[in-house]
Amino acid sequence: MLLIHCPWCGPREQTEFSCGGEARSARPADTDTLTDQAWGDYLFMRRNPRGRCLEQWVHAHGCRRWFNVERDTVTYRITRVYKAGDEPPGGDS
Amino acid sequence: MNRYSLRSLVRNARNRHEGWQAAWRNPDPKREYDVVIVGGGAHGLATAYYLAKEHGVTNVAVLEKGWIGGGNTGRNTTIIRSNYLSDDATHLYEKSMQLWQGLAQDLNFNVMFSQRGVLNLGHTLQEMRDITRRVGANRLNGVDGEVLTAAQVKAIVPIINTAPDARYPILGASLQRRGGVARHDAVAWGYARGADARGVDVVQNCEVTGIRRDGAQVVGVETRRGFIKAKKVGVVAAGHSSVLAAMLDLRLPIVSRPLQALVSEPIKPVLHTVVMSNAVHGYISQSDKGELVIGGGVDAYAGYGQRGSFSVIEATLAAIVELFPTLSRVRMNRQWGGIVDVCPDACPIIGLTPVKGLYFNCGWGTGGFKATPGSGWVFAHTIARDRPHELNAAFSLDRFFTGRLIDEHGAAGVAH
């Protein structure tokens, strides 16, 4: 069970949230000219890191707002929470 | 290899059972192999076994970072069935089912394969329509299946609650009589012993830390026990597939998630078949020791920690008690998690990669155990011939770029 600090509502149980997968995955803008390879990369390919992971979560049963979470996928410890659109703290590695 | 038989049992009994050999050697890795398999779960061991048996490739090592079968092979609920919906998936899992049916004899090792039948319950009219469609598709593909009414389900499983006023009433089920369970550890041990007897080195405590290539050609693997040269490398690393792919800057369409299972205290026989439910999301069977073996859904987030959320355990047990109110006071003895490699279409990736001589077998997600023999069989073919078998041709990584996905998510009678 994770305790997630929603940037707007404060600490809440993970069951109030939905995980939207990895952050830093912007939808390509030039969709008319996109190759199949680039579409496949965007739609399906994932970093799926072991360790530090940047994710997007939504407070589905709360304020219903999206935000970003920095979490370790081995210890499950959440190290940072930052608002959607903000730069990830500590760099984009 | 000591062949197991009634005669060998009698002969060893005369020596107070002190003459049994170890089931497989525990060799140090050689410096070079024709094929290195990364991952000593049952899929990897089966791959090595069929490489030796079907293709005569015996200069093979299976490298396991822990102990064999210590990962997902020993962490699942051992359900075996082949009642998938799409033709591609059905053919693959049915190949596996046919291998299961002769596996104990083939391996000379009792894998305790028990064809006790698998029920997939339907709780809504739409679910019953889907079940009817899937059973029809199964039978057209030569896979056995029957559609049962709630009364027929009750006759098979007397402790199930088929009351019409249940919150999610049971309207019927599909039944695959050839489905069942097997002993997961025995599957790993049997394949390890069989592969070892044919000359394969099963190397434990040998974590792969890098995959070395020369241009577009794989040349070997870096391990905790030094560099091992290999002409071909097959990666069968389940939840850690993305980690291995990242060593070569490859990305996979996989998310690793914790999937939990539980066993209860042993109780007297109450359930002689496998019961699965999509709607309430739980599945259950009873082991030969009397424990109830219970599983449910994956966690909502990615994780490599081999443990999951309490909320998932709660939801799973709520589902089981919904189906079997009489089990509400049974205590759970143990609970654990495995890291499953979930693909967007809930189907595996078995095939070639952009790197020559490197092959991946991953993405089995929540349902890999049942596929163990077939997975090893087609992967061995793919590695030996450097091209997929027709059974796994559709399961290429390429399908995520062409768009030809094999959509089994939610279609396969599975509680995914």
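The condition of being touching a Leu at 6+ places or on another chain (Cβ under 9 Å), modelled with pLDDT of 95 or more, open to solvent by 70 Å² or more (accessible area, probe 1.4 Å) and among the basic types (Lys, Arg) does not hold for A:ARG24.
Looking at B:THR326, B:THR366, which is the one that is more than 30 Å from A:TYR42 (Cβ to Cβ) and more than 14 Å from chain A (Cβ to nearest Cβ)? Walk me through how you get there before you give the answer.
Details: B:THR366 fails: more than 30 Å from A:TYR42 (Cβ to Cβ).
From the options B:THR326, B:THR366, the qualifying one is B:THR326.
When we screen B:THR124, B:THR73, B:THR90, B:THR78 for residues that are touching a residue at least 12 places away in the same chain (Cβ under 8 Å) and open to solvent by 40 Å² or more (accessible area, probe 1.4 Å), the only hit is B:THR124.
Looking at B:ILE350, B:ILE339 in this structure, which one is β-branched (Val, Ile, Thr), away from chain A (no Cβ under 13 Å) and buried (at least 18 other Cβ atoms within 10 Å of the Cβ)?
Working: B:ILE339 fails: away from chain A (no Cβ under 13 Å).
Just one listed residue meets the conditions, B:ILE350.
Of all residues in region A:61-73, those that are touching an Asp or Glu at 6+ places or on another chain (Cβ under 6 Å) and more than 10 Å from chain B (Cβ to nearest Cβ) total 2.
Picking from residues in region B:299-326 that are assigned to a loop (DSSP other than H, G, I, E, B) and among the aliphatic types (A, V, I, L, M), the one that is most open to solvent (accessible area, probe 1.4 Å) is B:ALA300. When B:TYR50 is tested against (1) buried (at least 24 other Cβ atoms within 10 Å of the Cβ); (2) hydroxyl-bearing (Ser, Thr, Tyr); (3) part of a loop (DSSP other than H, G, I, E, B), only condition (3) is not met. Scan region A:49-90 for residues that are surrounded by fewer than 16 Cβ atoms within 10 Å (Cβ to Cβ) and of a type in the set (Ser, Thr, Tyr) and the total you get is 2.
Scanning region B:353-380 for residues that are among the hydroxyl-bearing types (Ser, Thr, Tyr), over 15 Å from B:GLY71 (Cβ atoms) and open to solvent by less than 10 Å² (accessible area, probe 1.4 Å) turns up just one, B:TYR359.
Okay, residues lined up against (1) over 29 Å from B:THR77 (Cα atoms); (2) away from every other protein chain (no Cβ under 14 Å); (3) under 25 Å from the mean Cα position of the chain (by Cα):
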| site | (1), (2), (3) |
| --- | --- |
| B:VAL202 | no, yes, yes |
| B:ASP214 | yes, yes, no |
| B:GLU222 | yes, yes, no |
| B:VAL243 | no, no, yes |
| B:LEU259 | no, yes, yes |
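As an exercise: evaluate A:LEU2 against (1) open to solvent by 50 Å² or more (accessible area, probe 1.4 Å); (2) farther than 23 Å from B:LEU252 by Cβ and give the number of the one condition it does not meet. All conditions are met except number (1). B:VAL275 meets the conditions (1) of a type outside the set (Lys, Arg); (2) more than 18 Å from the chain's Cα centre (by Cα); (3) farther than 24 Å from B:GLY71 by Cα; (4) outside any helix (DSSP H, G or I) in every case but one. The failed one is (2). For region B:242-284, residues that are open to solvent by 10 Å² or more (accessible area, probe 1.4 Å) and among the small types (Gly, Ala, Ser) total 2. Can we say B:SER287 is of a type in the set (Ser, Thr, Tyr), at pLDDT 95 or above and surrounded by fewer than 20 Cβ atoms within 10 Å (Cβ to Cβ)? Yes; evaluated as a whole, the condition is true for this residue.
Residues being at pLDDT 95 or above, in contact with a Gly (Cβ under 6 Å, 6 or more places away or on another chain) and either under 25 Å from B:GLN306 (Cβ atoms) or open to solvent by 10 Å² or more (accessible area, probe 1.4 Å) (or both) are represented in region B:24-41 by at least one member. Checked against (1) closer than 28 Å to B:LEU250 by Cα; (2) within 14 Å of chain B (Cβ to nearest Cβ); (3) part of a loop (DSSP other than H, G, I, E, B); (4) free of Cβ contacts under 8 Å to residues at least 40 places away in the same chain, A:TYR76 meets all criteria but (4). Within region A:5-60, the residues that satisfy the criterion of being touching a strand residue (DSSP E or B) at 6+ places or on another chain (Cβ under 6 Å), of a type in the set (A, V, I, L, M) and either assigned to a strand (DSSP E or B) or within 11 Å of chain B (Cβ to nearest Cβ) (or both) are A:LEU54, A:VAL58, A:ALA60. Within region B:281-302, does at least one residue satisfy the condition of being free of Cβ contacts under 8 Å to residues at least 12 places away in the same chain and more than 9 Å from chain A (Cβ to nearest Cβ)? Checked region B:281-302: no residue is free of Cβ contacts under 8 Å to residues at least 12 places away in the same chain and more than 9 Å from chain A (Cβ to nearest Cβ).
The values are calculated or read from the model by the stated rules, or taken from the named source; none is laboratory data. Small disclaimer: the values here were computed from a predicted structure and weren't measured. Using ideal geometry, Cβ is built from the backbone for each residue, glycine included, and neighbour counts are taken over all protein chains shown. Each accessible area value is taken on the protein alone, full model and side chains, heavy atoms only, with ligands, DNA and RNA left out. Shrake-Rupley method; radii C 1.70, N 1.55, O 1.52, S 1.80 Å.
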